[in-house]
Amino acid sequence: MFFLKLLKQVIVIFQTDISPNQVAWGFALGAILGLVPNMFMKLVLFIVIMMFRVNISAAFLAWAVYEILSFALDPLFDSLGYYILNINSLNGFYTYLYNLPVVPFTKFNNTVVMGSLVTGIILIIPNMIIAKKLLVYYRTHLREKVSKWKIVKILSATILSTNVIKIVK
Amino acid sequence: MKIIRWSFLLTTIIIIALIAILNILFFDKILKKVIISAGQTAVGAKVEIDYLKTSFKNCSVTINGFRAADKNNYFKNLVDIEKIRFDVRFAPLLRKKVVIDEMSLDGLRWQTDRKTSGELPKKKKSNEESKFAKMFKTAKDKTVTEFNNLPSVEMFNKIQDQIKNFDVNKLIEDSGLSSIKEVEKVSADLQDKYKSYQDKINNFNYEEKINRAKTLADDLSKSKFGSLADIANTAKKVNELKTLKKEFDDILAELNNAKKDVSATIDVTKQIKNTITNDVNMICEKISIPTLNTKNISQMLFGTKWVNRVEKVLYYISIIKQYIPEGSDEEEVKEVKQRALGRDIIFREKLYPSLLISLMKVTGTTAKTKEEVGIDFSGLIKNISSSPKLVGAPIILELAGNNSTQKLAVNGLFDHRTKDSKDNIKVELTGLSGTILNIEPNDYLPLIDTSKVNVAGSFDLNNSGFLCSADIAFRDIKEKALNTVEGNLKYLAQITNSIKSFDVNLTAQTQDSENLNIKINSDIDKKLYDAISKLFSAKVNEAKDKIKQKVSELAQEKAKEIEKSLQGQKDAVLKQINEKIGTVNNIESIIGDALKKQK
């Protein structure tokens, strides 16, 4: 059911005329949500995503994709985080953060959290550019072809009927 | 392009505002309930708060009318605080740590009266279960039983009985005087003596001798020396007369001795003098001062009180110990902690204990009611925390106060930074009224309530036991008005009035539940004993004089009576003797003349 919903949302992103920028930003921020393991950090990021007018479906798609990827990337994040957290020049800054009221809840001092967060931040721009370019390319070259696929037609009809029912209700 | 999703933002803000409003409306009530509940668990009796107000602006809490009942006396308050105010640091609260930089406690009082019972409806787990409470309970029961069985209680009763039953006449009656018996015996002896002399005189057979002597004297006066035979005859008569004279000399000597003996004064009193002395000594022995164990009086007077005081201090300490766990000698901070997902890098953190009150300013009074005059004191308590090791400093208590006549100083140190925790409290009170010790007025005690009391106490508690000591000095004890007491109590009042001051030294020490070593030393023991001895000696001497006089009077009365009745008998015997002496003297004179002529 979850996958079906996700699939529907993906179709909506790809088949409708939603702003590519919104989708790109949503995807970029959603990627961080997927990469970061800490629940508090996830919650903060989720609120940020919800606050800004970015595409939520794209964010969820990215969250799902990167959540799966992060399992494989955790050792890498651990090494990266350990390196970052042990930069002597930043020790004072970390100590300051560590003693702030709320920040310690983010578990930023955890190697995986720090590694994944930094990776997610670094990937914001590449993710955004890639997402935007792919979407534009798809809509220009592939949308017409794909829209003729039976599965897409069925799902589109379902989405349409669901919307109509919602409106009627 | 609108980049903010306002609908979400507004919804979020509304939800947060609602939560805040609900908190503002109900937080005070919830917090009040939490504090009451925690307090009740701690003290095992009702805790009441009249008013509680929090302010989110500076995280301040104000509590008015905080009262915690005493579980040992539900109609008394363990503590009664008019106002408590403190600001809580916000940041540590997010880490479930309560950090208070400064707290003020105004109007602190203790043991104030309650109108309603402070008993909890349901029995909560009490502090009696604590290690020290258990240890002390066992030791206390043992010690109190010992105190109640002290011989001094019996001793006081004995003294009281003796003073009550101090009646000279009764003592003499009960004693059965031997001097009276002696008077009777002396009387009988004298009667026998007179009778024997009478018999002796009556049995003197010298009439024939007198006649013979007269005849011989007469013959000699008529004698003529015509022949040798006449000379021989005369010589024979002279010799016979000489022999008779010698016999009469003997009789005369015997009669003179008898006269001398009989004419001696009939002094029965003199004869029974020693017996009277013996009688007096025998009666006086019965009113001697009983031996007093001088160590017992103060134990009887202060023992139970002291045990109860120690118990009270232990109770307060046990509450403190309950919430300040001992530290550990192990190092807790580690550089890197391995986790399943990544590693936590620990930075130098400003650690807070769960509860930290850096400074608590206290003001209060020792008066139990507002009308009573007590010592207004103020002071501070530093470093109250749930983890003294983390704070790195022991809890320090400093209270001081005075009024025109009284002074109070309390210093405490509760060091729980290591496993071997040490608690120490020192209390100094000067110029207090004797009423503070709650020693019930007693006929055997001076008016302690009127005295000025100086107390220097110390309480040391460690993991293995405690040492509690107090030096109490009672000064300026007022005298009991003698006109208000009657009968035998007057003597007791005289005893107690002679004590104007005394000192008591109390110690209680234990290392385990079986050996509570309580020592109570006081010079009141000696002072009381001296006063009792002094008064008793005076009383005994007075009684001895009375007894001597009374016994002498009785014996002499009897003796006089006897003497009077013997006088007639004596006179008759003397008369007889004198007559006989006269007769013998007369014949001796005749014999003497006759013999002179023959020469």
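Read-outs: derived from the displayed coordinates by stated rules, not from any lab. This structure is a prediction, so every number in the text was calculated from the model and none was measured. So basically every Cβ, Gly included, is an ideal-geometry build from the backbone, and we count neighbours across all protein chains shown.
Structural remarks
- Summary value for chain A: 31 percent relative contact order, contacts being C-alpha pairs under 8 angstrom separated by 6+ residues.
- Flagged links, alpha-carbon separation over 29 Å, of B:LYS370/B:LYS519; B:LYS452/B:LYS527; B:LYS71/B:LYS389; B:LYS53/B:LYS368; B:LYS115/B:LYS382: B:LYS370/B:LYS519; B:LYS71/B:LYS389; B:LYS115/B:LYS382
- Between A:LYS5 and B:ASN169, the modelled label-to-label distance comes to 11.6 nm, taking each label 7 Å out from Cα in the direction of the beta carbon.
- Across the range A:147-153, rounded Karplus estimates of 3J(HN,Hα) from the backbone phi angles (6.51 cos²θ - 1.76 cosθ + 1.60, θ = phi - 60°) give 4, 8, 5, 4, 4, 5, 4 Hz, Gly and Pro being marked x.
- Each principal axis of the Cα cloud of the range B:165-227 was evaluated for its coordinate range; sorted largest first, these ranges are 97, 16, 13 Å.
- For chain A, the average shadow cast by the Cα convex hull is 12.0 nm², which is a quarter of the hull's surface.
- Full extension of the chain between A:ARG143 and A:PHE40 yields a length gain of 33.3 nm, computed as 0.36 nm times the residue separation minus the alpha carbon distance.
- Pairwise FRET efficiency - B:ASN239 versus B:LYS200, Cβ, R0 = 41 Å, nearest 0.05: 0.90
- ³J(HN,Hα) computed for each position of the range B:183-198 - Karplus, 6.51 cos²θ - 1.76 cosθ + 1.60, integer Hz, glycine/proline x: 4, 4, 5, 4, 4, 4, 4, 4, 4, 4, 5, 4, 4, 5, 5, 4
- Charge context of B:ALA409, other residues only, Cβ under 11 angstrom, K/R +1, D/E -1: 0
- 3J(HN,Hα) from dihedral phi, the range B:388-404, Karplus parametrisation 6.51/-1.76/1.60, rounded to Hz, x for glycine, proline: x, 5, 5, 6, x, 8, x, 6, 10, 10, 9, 10, 8, x, 7, 10, 4
- By the beta-carbon count within 10 Å of each Cβ, the least crowded to most crowded order of A:MET39, B:MET282, fewest first, is A:MET39, B:MET282.
- Take the Cα of B:SER565, step 7 Å toward its Cβ, do the same at B:LEU482, and the gap between the two points is 4.6 nm.
- Other residues within the sphere of radius under 14 Å centred on the Cβ of B:LYS259, judged by their own Cβ, net out at +2 (K and R +1, D and E -1).
- Full extension of the segment from B:PHE75 to B:PHE56, taken as 0.36 nm per residue of separation minus the current Cα-Cα distance, would add 3.2 nm.
- Extending 7 Å from Cα along the Cβ direction at B:SER433 and again at B:THR116 yields two label points whose distance is 3.1 nm.
- Where trypsin sites (Lys or Arg not before Pro) fall in DSSP loop in the range B:354-419, at most 12 other Cβ within 10 Å: B:LYS370, B:LYS419
- Each Lys or Arg adds one and each Asp or Glu takes one away; over the other residues whose Cβ falls under 15 Å from the Cβ of A:LYS153, this sums to +4.
- Ordering B:LYS478, B:LYS245 by the number of other Cβ atoms within 10 Å of each residue's own Cβ, fewest first, gives B:LYS478, B:LYS245.
- Potential lengthening of the chain between B:GLU207 and B:ALA17 amounts to 52.8 nm, from the contour at 0.36 nm per residue minus the alpha-carbon distance.
- Principal axis box of the range B:507-599, alpha-carbon based, largest edge first, Å: 118, 35, 23
- Using the Cβ-Cβ distance between B:ALA188 and B:ASP261 with R0 set to 25 Å, the FRET efficiency from 1/(1 + (r/R0)^6) comes to roughly 0.90.
- Efficiency of FRET between B:LYS526 and B:LYS546 - r from beta-carbon atoms, R0 35 angstrom, step 0.05: 0.75
- Sorted by Cβ density within 10 Å, fewest first, the residues A:SER116, B:SER104, B:SER196: B:SER196, B:SER104, A:SER116
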